[in-house]
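Contents: one structure, followed by commentary.
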Amino acid sequence: MNLKDKTIVVTGAAGGIGRALALRFNEAGAKHIVCVDLDENGAKATATAVGGTGRRVDVASENDISTLIQDVETQIGPIDLFCCNAGISTRGGPEVPDEKWQQMWDINVMAHVWAARHMIPRMIARGGGYFLNTASAAGLLSQVGSAPYAVTKHAAIGFAEWLALTYGDDGIKVSVLCPQAVRTNMTKGKEGGVASVDGMMEPGPVADACLSAIEAETFLVLPHKEVLEYMRRKTADYDRWIGGMRKLNRKYAP
């Protein structure tokens, strides 16, 4: 997809990857970028930087997402690219309270489902559209120290795959972003964590990788090239891979 003159929605746009995406899309000639976040002031600041629109949206609410889509399509124009970028993390395993599991499920997975639910009929009716869904290398591999993050990011990738194979013939394109550590509020104070063993990337180069993938209509976006080799090792010998991950768990888990 050529982003020139396209209308784009970016969730989690107040900072980090979301802000970087908005800036890159603006440089690529997007017509209008709608920047949304729970942090309304941050969303509006990003929108000001790209000459777009900023608003507060809680992506854990289907009503907020459906209202956002309706408002943008009515007041601004058809959405060409919807970026489900917002996400959260927490540490822990089965002991994490149900409420936190549900919050992560809603934000990291269901927000993608709700966006698709309300966007796909519109996109199909006009001949196609594009989703950029932010997941994580944790969704392809795993996440030492956080079961909810590993599980929800696996689910996010699974849903992106399903969208791509189910609606590709209808003109729906999908890219899924799977980075390791990126310097954002989520990783602040975790510079020595397991996700940063191959280095912590700045948001700008991650956004560059996304832009290239969208232009080439490539499904998997891997800003950290090492992840591809880790995937190959995992599929080549699952037991050996789990053994290696156990070593990382002994080193990095609390």
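Quick look at the numbers
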{"read-out": "Value of D in µm² per second that Stokes-Einstein yields for region 1-92, Kirkwood Rh from Cα pairs, at 4 °C (1.567 mPa s)", "value": "101"}
{"read-out": "Packing-based ranking, highest mean first, of 96-105, 167-176, 25-34 given that Cβ atoms within 10 Å are counted", "value": "25-34, 167-176, 96-105"}
{"read-out": "Between 0 and 90°, nearest 10: helix 226-236 axis offset from the chain longest Cα axis", "value": "60"}
{"read-out": "Share of carbon and sulfur in the accessible heavy-atom surface of the chain [1.4 Å probe, %]", "value": "50"}
{"read-out": "Kirkwood hydrodynamic radius (C-alpha pairs) into Stokes-Einstein, region 22-68, 37 °C and 0.692 mPa s, D in µm²/s", "value": "304"}
{"read-out": "Kirkwood Rh in Å, taken over all unlike Cα pairs in region 23-159", "value": "15.9"}
{"read-out": "Region 44-115: mean projected area of Cα convex hull, nm²", "value": "5.8"}
{"read-out": "With Cα atoms, 0 to 90° folded angle of helix 111-125 axis to the chain main axis", "value": "40"}
{"read-out": "Reference-scaled alpha-carbon Rg (2.2 N^0.38 Å with N residues) for region 111-190", "value": "1.24"}
{"read-out": "Extension reserve of the Ala125-Thr235 stretch, reckoned as 0.36 nm per residue once the Cα distance is removed", "value": "35.7 nm"}
{"read-out": "For the chain, calculated [θ]222 nm from helices alone, where every DSSP H run of n ≥ 4 adds -39500 (n - 2.57)", "value": "-15000 deg cm²/dmol"}
{"read-out": "Taking N as its residue count, the alpha carbon Rg of region 209-249 over 2.2 N^0.38 Å", "value": "1.51"}
{"read-out": "Mean separation of Cα contacts under 8 Å, 6 or more apart, over the residue count of the chain: relative contact order %", "value": "18"}
{"read-out": "Packing-based ranking, highest mean first, of 224-236, 1-13 given that Cβ atoms within 10 Å are counted", "value": "1-13, 224-236"}
{"read-out": "Relative packing of peptides 120-128, 37-45 - highest average C-beta neighbours within 10 Å first", "value": "37-45, 120-128"}
{"read-out": "Computed over the chain, the ratio Rg/Rh where both radii use C-alpha atoms and Rh is Kirkwood", "value": "0.96"}
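The values are calculated or read from the model by the stated rules, or taken from the named source; none is laboratory data. Note that the structure is a prediction, hence the values are computed from the model and not measured. Note that we place each Cβ from the backbone using ideal geometry, even for glycine, and neighbour counts take in every protein chain shown. Only protein heavy atoms, including side chains, enter the accessible area calculation; ligands, DNA and RNA are left aside. Shrake-Rupley method; radii C 1.70, N 1.55, O 1.52, S 1.80 Å.
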